[in-house]
Every structure is written in C-alpha cells, then in structure tokens.
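Novice: Have a look at the structure that comes next, please.
Every read-out reported here was derived from the displayed coordinates using simple, explicitly stated rules and does not represent laboratory data. Fair warning: this is a prediction, and the values are worked out from it, not measured in the lab. So basically every Cβ, Gly included, is an ideal-geometry build from the backbone, and we count neighbours across all protein chains shown.
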Amino acid sequence: MTLDFDTRFEPHYGEAIEVAPGIRRLTVNNPGPFTFHGTNTYIVGEQTLAVIDPGPEDPEHLQAILRAIGDRPVSHIFVSHTHRDHSPLAKELRQLTGAVVCAEGPHRPARPLRIGEVNPLDASADTDFVPDLTLADDSVTRGDGWAVRMVLTPGHTANHAAFALEGTGVLFSADHVMAWATSIVAPPDGAMTDYMASLDRLIERDDKILLPGHGGPVSKPRPFMRGLKTHRKVRERAIIERLAGGDRTIPEMVRAIYRDTDPRLHGAAGLSVLAHIEDLVSRGIAVTDGDPSIDGEYALK
C-alpha cells in the first residue's frame, strides 16, 4: 500500500480557523523540520470551551488563543504529550482561565536510561509539566456540549495520548499520525514496539477524520494508517537487508538508507534506526552485545 503524504497547508498564524463544526485550529508560528509549519492548538466547543495542546511558551500565540476564546470560559486544557512545542503554555493558560489541565501524566522515557547513556532528547522535553487531572486510558471527560475520550497512544513519547471527540468521528491524533510526515520515534523517549501497537489500535477504531498536532487533517484515516504501518515495515526490511549485507553499526545503515535525506537530519534518523533495532532485538531477529545503543554493533541472529 502506497503512502501519500499531504504537505498542502496554510497555517494562518494568529487566526482561528474552523476545521469542523465546533472545532477551531490555531497554528503557532514555530515552523521547523520537526514541526512543519508549526504546532496546532485546537479550541473545542461553543459556550464553555476546551483547549487541546496549547503549545510552546509563545506570547503571540497565547494572545491569539485568548482572542479566539473571547469572553467564553475554558473548563479544560488537554495535553497530548510533553514535548516543548505542545505543553508548556498550559501553565500560563491555566492561570488566566482557571481551566483544569488534563493529560496522561508527566514526562518520562519509554524505558530507563542505560548505564552511561545520555538522552539526546532532553532539550525537547517539558519536564516541568504536571497535570491537574491524570487521565486513565479510555476515560471520558465531559464538558459543556462536548465529551472527550482519552486514547492512549504511546510510541512518539511514553505519555502520548490522542483525544476523540465523542459522537463526531473526530480524533485529535497529535504527533502519532500526521498527514505531512511520519512521526519521530526516538529512544529513550519513544519506542517502536509501542508505536506500532498504538497504530494498530487506531486502525481498529472508526474515526472519520484525524486532526494532527502539525499540518492538515487526515481525511481517510484507516487507509493512511495502514500505509504508515507498511512504511515502517519497509524501513524495518531495509535495516534487515543492511545487516544481511554486512553493515554492523547504525551510522553505516543511516548513510545507506537515508542517503537522499538532508545530512542535518541524520542524527534523528539514527535514533529512528535505533528504535527499529530495539524492536528487532526484542523479537529475536537481531542481536548485539549488551543492550542496544546508538554506538552498538549488530548482526542478524
């Protein structure tokens, strides 16, 4: 199954754009190789509102959110995960609105750091974030004319969650599924085994449209997510082929597999390969001395 990414997107910085009945999107002016045109914040409801992923500490974006809210109260702030482009503004928005901040929990890695391991993703983690309300998987939070179901989707981060707007077919997929690119799965914060399991979980659902954390909507969720799954399996086969051909290190594999990718992104690509390697080792397909690491040597079993 082919995977067709959709990079068409107009961010309309500072403007609240209606993307579905009762749902408006604001995009932060923080474009980059990992954020596309910027982080999407969603405002849900007509009377008493909910805000999903308020974004980074950005004064202009905060003012845009406040303009979109107007005089209406905000009862809840939902945070999908604790990367600094999604969660830090929740603190100030809570102070200004009195809303309850809801999330799976504080930031944590998908697995403990190994002896001597340094987490290269520390700078991207909002380790100060603490929710007012810790949401259980599949729990429903009810507001004024809306209800949000928490759908736990670890993989991109250990605490990543999607949010389903009950009765509408809309799922806010955050960084797990995006129309413009694949999600970054980088150990130790993320785990490929978790990501693939979460992808299967979303494929089993009957959502009609996905509203992601970056870029535009996914209008045909199931075919697109099946394509994402195939894409990851193709990447896994490429890694196995490199191992079969004699590659023993992750940098060797990255240079071959990502030869058409901007070299500035090879560090992130190496972490993605490590995520696949960890999964292959856990399944007994690849072997290494000790625990898998970015500097390790690998072979097929």
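Novice: First measure r as the distance between the Cβ atoms of K220 and S282, then evaluate 1/(1 + (r/R0)^6) with R0 = 45 Å and state the FRET efficiency to the nearest 0.05.
Specialist: Values: r = 32 Å, r/R0 = 0.70.
Efficiency for this residue pair is about 0.90.
Novice: For the modelled label position 7 Å from the Cα of R72 along Cα-to-Cβ, which residues of the stretch 22-54 have backbone nitrogen atoms closer than 17 Å?
Specialist: 22-27, 41-54
Novice: Rank P54, P120, P154 by mean-square fluctuation in a GNM of the chain with C-alpha springs under 10 angstrom and give only the top-ranked residue.
Specialist: Among P54, P120, P154, the largest GNM mean-square fluctuation belongs to P120.
Novice: Report the residue, chosen from T41, T193, T157, that carries the largest GNM mean-square fluctuation when the chain is represented by alpha-carbon nodes joined by springs under 10 Å.
Specialist: T193
Novice: Another question, if that's okay. So which of K208/K229; K91/K229; K229/K301 end up more than 26 Å apart, counting from Cα to Cα?
Specialist: K91/K229
Novice: Quick one: if you stick a label point 7 Å off each Cα along the C-beta vector at H12 and W180, how many nm between them?
Specialist: 1.6 nm
Novice: At q = 0.25, 0.26 Å⁻¹, what log₁₀ I(q)/I(0) does a Debye calculation on the Cα points of the stretch 230-300 give, no solvent, two decimals?
Specialist: -1.19, -1.29
Novice: Using the Cα gyration tensor of the stretch 12-85, with a ≥ b ≥ c the square roots of its eigenvalues, what is the shape: rounded (a/c below 1.5), prolate (a/b larger than b/c) or oblate (neither)?
Specialist: It is prolate, given that a/c is not under 1.5 and a/b is the larger ratio.
Novice: Rounded, prolate or oblate: which one fits the stretch 56-150, using the alpha carbon gyration tensor with axes a ≥ b ≥ c (rounded when a/c is under 1.5, else prolate when a/b beats b/c, else oblate)?
Specialist: It is oblate, given that a/c is not under 1.5 and a/b is not larger than b/c.
Novice: Please list the non-local residues whose amide H lies under 5 Å from the amide H of F78, H modeled 1.01 Å from N, same-chain partners needing a gap of 5 or more.
Specialist: Close amide H contacts, sequence-distant or interchain: V51, I52, D53, C102.
Novice: With a/c under 1.5 counting as rounded, go ahead and sort the stretch 1-127 into rounded, prolate or oblate using the C-alpha gyration tensor (a ≥ b ≥ c being the square roots of the eigenvalues; past the cut-off, prolate if a/b is larger than b/c, else oblate).
Specialist: oblate
Novice: Continuing with this model, one more query. Roughly what % antiparallel, to the nearest 5, for the DSSP beta bridges in the chain?
Specialist: Details: 30 of 43 bridges.
Of the beta bridges lying entirely in the chain, close to 70 percent run antiparallel.
Novice: Residue-wise, which Karplus ³J(HN,Hα) couplings in Hz belong to the stretch 126-135, taking 6.51 cos²θ - 1.76 cosθ + 1.60, θ = phi - 60°, and x for glycine or proline?
Specialist: 8, 6, 8, 6, 9, x, 6, 10, 8, 8
Novice: Within 10 Å of each candidate Cβ there may be at most 12 other Cβ atoms; applying that plus a DSSP loop requirement, which trypsin sites (Lys or Arg not before Pro) in the stretch 1-59 survive?
Specialist: Counting only loop positions with at most 12 other Cβ atoms within 10 Å, the trypsin sites (Lys or Arg not before Pro) in the stretch 1-59 are R8.
Novice: Hey, of (i) 15.9; (ii) 15.0; (iii) 16.7, which did the structure itself give for mean projected area of the Cα convex hull in nm² when calculated?
Specialist: Computed from the coordinates, mean projected area of the Cα convex hull in nm² corresponds to (ii).
Novice: A follow-up question, please. So, counting K/R as plus one and D/E as minus one, what does the shell of residues with Cβ under 9 Å around H83 add up to? Numbers along the way, then the final one.
Specialist: Values: positive: R84; negative: D85, D126, D175, D189.
In short, -3.
Novice: Placing unit charges on C-beta atoms (Lys and Arg positive, Asp and Glu negative, everything else neutral), compute the dipole magnitude of the stretch 22-107 about its Cα centre in debye, rounded to 20. It would help to have the intermediate numbers written out before the result.
Specialist: Working: 7 positive and 9 negative charges, 23 e Å.
For the stretch 22-107, the charge dipole is close to 120 debye.
Novice: Once each part is reduced to its C-alpha centroid, what is the distance from the stretch 226-277 to the stretch 177-216 in angstrom?
Specialist: Between the Cα centre of the stretch 226-277 and that of the stretch 177-216, the gap is 19 Å.
Novice: Can I ask one more? With θ set to phi - 60° and the Karplus curve 6.51 cos²θ - 1.76 cosθ + 1.60, what are the ³J(HN,Hα) couplings of the stretch 47-59 in order, to the nearest whole Hz, using x for Gly and Pro?
Specialist: The phi angles translate into 9, 8, 9, 10, 10, 10, 6, x, x, x, 6, 9, x Hz.
Novice: Distance in nm between label sites at D138 and L96, each 7 Å beyond Cα in the beta-carbon direction?
Specialist: Result: 3.8 nm between the two label points.
Novice: For A244 paired with V19, estimate the spin-label separation in nm (one decimal), with each label point 7 Å from Cα along the Cα-to-Cβ line.
Specialist: If labels sit at A244 and V19, their model points lie 4.0 nm apart.
Novice: Please give me, ordered by residue number, the GluC sites (Glu not before Pro) of the stretch 165-262 that lie in loop per DSSP and have at most 15 other Cβ atoms within 10 Å.
Specialist: Taking the stretch 165-262 and a limit of 15 other Cβ atoms within 10 Å, the loop GluC sites (Glu not before Pro) found are E166.
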